[in-house]
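S.K.: Okay, handing you the structure first.
The values are calculated or read from the model by the stated rules, or taken from the named source; none is laboratory data. This is a predicted model, so every value here is computed, not measured. Because the Cβ atoms are built from the backbone with ideal geometry, glycine has one as well, and the counts that use them run over all protein chains shown. These area figures cover heavy atoms from the full protein model, side chains too; ligands, DNA and RNA do not enter into them. Shrake-Rupley method; radii C 1.70, N 1.55, O 1.52, S 1.80 Å.
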Amino acid sequence: MTASGSIALGCLADDYTGGTDVAAALRRAGLRTVLLFGEPDAEQPLPDCDAVVVALKSRTIPAADAVAVSLRVQERFAAWGVRQTYFKYCSTFDSTDEGNIGPVTDALVDAAGATVTLICPASPEHGRTTYRGHHFVGDALLSESSMRHHPLTPMTDPNLVRVLSRQTPHPVGLLDLDVVRAGPAAVGRRLAALADGGVRHVVVDATSDADLDAVAGAAGSLPVLTGGAGLAGALGAAVGAAATVGAPANLPPGPGLVLAGSCSAATLGQVAHAAERFPSLRLDPAATPDPAELLAGATAWLEQHLGDGPVLVYSSAGPEQRAAARAAMGPDVADHLERILGQLARTAVGLGVRRVVVAGGETSGAVVGALDVRTVVVTAEEDRGVPWCVTADEPQLGLLLKSGNFGRPDLLVRAMDGVTP
């Protein structure tokens, strides 16, 4: 059990791959990091660590439910002696006019008795930057990126001040890049002035990692901060110099399985690359609209091919295929596919699989839930922001949970290097 007051940072992430992303950033910064999936039990002890990440599935649930579970996690942080709370959401600010970023942030700030917080989704290393309050994905405005077509949280407005203002009754201001580039002291003065003027939420301009370092240098005393993994990593680096990180854990030997549910362009490319090299099965609701029949067929295929080395099962599809799937299986097709992928993961582990790679936040949640994984230790990254996690319980598993947009084209193949049949 960690001694009271010794945990520098407690992060609550609004999805599972967001949790692994921020945990990787904190580990990279030199903090011993523990990652918990789902809401912690009231009396759950915490292994010795410098930072704790609790990954929830709260991004697209009703706002009131997201607020309630986030506040309960904040209470657990207090019980564990966490000094600063960080609300981690996607670097593309995935949300709608109803939330959940605004309502959750307001609740956390109120509970902490704070007056002001930062809104900083920028992750320059992944091409997510903010300038004059407008958010970019690479060289494109957020509203002109693939996120404008997201099925759950379509992002059609790149102005984060405007987006957040629709989610909160409190004033939203901007920390512009000129002030950020003037250094931590200037950032601190501007934050104080904005807070004195009644601004609660301060959207942060940042186009480089050095910008995030400057913001982190001025924000250490704020009880609640929010953003992507970039600012969390900068905060970790500010306190992580004295922390030690153990050697990366060896991944357990045994067969490997790749499961993909994300329909992002990055994942579609990674799936195509892996399908050329592994035995692969696409879950096609248009061809098999009955979920039980689809699961039975996939299970039989899995049992037949697991002895051939790494295998890939995916539901990832383009817009036309997704439309055909909805027409055949109905509006709950995504939920059915997530459950099927989760059940396949459980079956595979029962058959001896010890390395599981999952592409997609919702799919990762389904798989982690089906495997009943609660606590993992974060180890080496396969790609930036995509760390391996090793379970503490038997059978020991190596899990790689990948956000849909993350990773190089050959990530899924590299992650299966060294897998034994």
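S.K.: Which one, 124, 239, 107, is farthest towards the positive end of the dipole of the chain when Lys and Arg carry +1 and Asp and Glu -1 on their Cβ?
M.R.: After comparing all options, I get 239.
S.K.: Taking the 0 to 90 degree range and rounding to the nearest ten, how far is the long axis of helix 184-196 tilted relative to the main principal axis of the chain, both from C-alpha atoms?
M.R.: Taking the Cα atoms of the chain, the angle to 184-196 is about 80 degrees.
S.K.: Which percent, nearest 5, of DSSP beta bridges in the stretch 232-388 are antiparallel?
M.R.: Working: 2 of 14 bridges.
Rounded to the nearest five, the antiparallel share is 15 percent.
S.K.: Taking the Cα atoms of the stretch 104-246 alone, what are Rg (to one decimal) and Dmax (as a whole number) in Å?
M.R.: Looking at the stretch 104-246, its Cα Rg and Dmax stand at 15.0, 46 Å.
S.K.: What is the ratio of the Cα radius of gyration of the stretch 289-421 to 2.2 N^0.38 Å, with N the residue count, to two decimals? If you can, show how the numbers build up before the last one.
M.R.: Details: Rg = 15.0 Å, N = 133, 2.2 N^0.38 = 14.1 Å.
For the stretch 289-421, the normalised Cα radius of gyration comes out at 1.06.
S.K.: Could you work out the per residue convex hull volume over the alpha carbons of the stretch 1-61, in cubic angstrom?
M.R.: Numbers: hull volume 4.5 nm³, N = 61.
Roughly 74 Å³ of hull volume per residue.
S.K.: Provide the percentage of antiparallel DSSP beta bridges, counting only those with both residues in the stretch 1-130; round to the nearest 5. Before the final figure, lay out the partial values.
M.R.: Values: 2 of 17 bridges.
That works out to approximately 10 percent antiparallel.
S.K.: Compute the helix-to-body angle for 229-239: its Cα long axis versus the longest principal axis of the chain, expressed 0 to 90° and rounded to tens.
M.R.: 60 degrees
S.K.: Among 413, 380, 398, which residue has its Cα positioned farthest towards the positive end of the charge dipole of the stretch 377-421, with +1 placed on the Cβ of Lys and Arg, -1 on the Cβ of Asp and Glu, and the dipole taken about the Cα centre?
M.R.: Farthest towards the positive end: 413.
S.K.: Would you mind computing Rg(Cα) / (2.2 N^0.38 Å) for the stretch 15-173, counting N as its residues?
M.R.: Working: Rg = 15.8 Å, N = 159, 2.2 N^0.38 = 15.1 Å.
Normalised Cα radius of gyration, the stretch 15-173: 1.05.
S.K.: Hey, another quick one. Going by average Cβ density within 10 Å per residue, which order do the peptides 86-97, 208-219 take, highest to lowest?
M.R.: Working: 86-97: 23.4, 208-219: 21.3.
Packing order, densest peptide first, comes out as 86-97, 208-219.
S.K.: Between residue 321 and residue 209, with labels modelled 7 Å along Cα→Cβ, what's the label distance in nm to one decimal, could you check?
M.R.: 3.5 nm
S.K.: Please compute the length gained on full extension between residue 303 and residue 182, using 0.36 nm multiplied by the number of residues separating them and subtracting their Cα-Cα distance.
M.R.: On the way: separation 121, 0.36 × 121 = 43.56 nm, distance 5.99 nm.
This chain segment gains 37.6 nm when fully extended.
S.K.: Given a 1.4 Å probe and every protein chain left where it sits, what share in percent of the accessible area of the stretch 111-182 is carbon and sulfur?
M.R.: Values: 1650 of 3170 Å².
Looking at the stretch 111-182 in its full context, I get 52 percent from C and S.
S.K.: Still on this structure, I have one more. Express the relative contact order of the stretch 367-421 as a whole percentage, based on alpha carbon pairs under 8 Å and six or more residues apart in sequence.
M.R.: On the way: 55 pairs, mean separation 13.7, N = 55.
The normalised contact order for the stretch 367-421 reaches 25 percent.
S.K.: Next question, about the same structure. Extending each Cα 7 Å along its Cβ direction at residue 410 and residue 114, get the distance between those two points in nm, one decimal.
M.R.: Each label point is offset 7 Å from its Cα along the Cβ direction, giving 4.2 nm.
S.K.: Under the Kirkwood approximation applied to all pairs of distinct alpha-carbon atoms, what is the hydrodynamic radius of the chain in Å? If you can, show how the numbers build up before the last one.
M.R.: Numbers: mean 1/r = 0.0462 Å⁻¹.
Final number for the Kirkwood radius of the chain is 21.6 Å.
S.K.: Something else about it: If you put +1 on each Lys and Arg Cβ and -1 on each Asp and Glu Cβ, how big is the dipole of the chain around its Cα centre, in Debye rounded to 20? Show your work: numbers first, answer last.
M.R.: Details: 31 positive and 45 negative charges, 114 e Å.
Magnitude of the dipole: close to 540 debye.
S.K.: For the pair residue 282/residue 72, report the inter-label distance in nm, with labels modelled 7 Å from Cα in the Cβ direction.
M.R.: 4.0 nm
S.K.: Continuing with this model, one more query. I'd like the FRET efficiency for residue 153 and residue 372, computed as 1/(1 + (r/R0)^6) with the beta carbon distance as r and R0 of 35 Å, rounded to 0.05. All intermediate terms of the calculation are to be shown ahead of the outcome.
M.R.: Values: r = 28 Å, r/R0 = 0.79.
The formula returns an efficiency of 0.80 here.
S.K.: Please figure out what share of the DSSP beta bridges in the chain is antiparallel and state it in percent, rounded to the nearest 5. Show your work: numbers first, answer last.
M.R.: Working: 21 of 66 bridges.
Of the beta bridges lying entirely in the chain, close to 30 percent run antiparallel.
S.K.: Keeping every protein chain present and rolling a 1.4 Å probe, give me the accessible area per residue for the chain in Å². It would help to have the intermediate numbers written out before the result.
M.R.: Details: 15810 Å² over 421 residues.
Result: 38 Å² per residue.
S.K.: While we're here: Can you tell me how much longer the chain between residue 61 and residue 196 gets when fully stretched, taken as 0.36 nm per residue apart minus their C-alpha distance, in nm with one decimal? Don't jump to the answer; show the numbers that get you there.
M.R.: Details: separation 135, 0.36 × 135 = 48.60 nm, distance 3.36 nm.
That works out to 45.2 nm of additional length.
S.K.: Could you tell me what percent of the accessible area of the stretch 364-421 is made up of carbon and sulfur, with a 1.4 Å probe and every protein chain present?
M.R.: Carbon plus sulfur share of accessible area: 48 percent.
S.K.: Rounded to whole Å, give me the distance from the Cα center of the stretch 297-358 to that of the stretch 164-199.
M.R.: 45 Å
S.K.: Of 228, 264, 183, whose Cα points farthest to the positive end of the dipole of the chain (charges on the beta-carbon: +1 Lys, Arg; -1 Asp, Glu; origin at the Cα centre)?
M.R.: With unit charges placed on the Cβ atoms, the residue in question is 183.
S.K.: What 222 nm value per residue comes from the helices of the chain, counting each DSSP H run with n ≥ 4 as -39,500 (n - 2.57) and dividing by all residues, nearest 500 deg cm²/dmol? List each step's numbers first, then the result.
M.R.: Working: 14 runs with 159 residues, N = 421.
Rounded to the nearest 500, it is -11500 deg cm²/dmol.
S.K.: Turning to a different aspect of this structure: Where does helix 63-80 land angle-wise versus the long Cα axis of the chain, in degrees 0 to 90, nearest 10?
M.R.: Once rounded, one gets 70 degrees.
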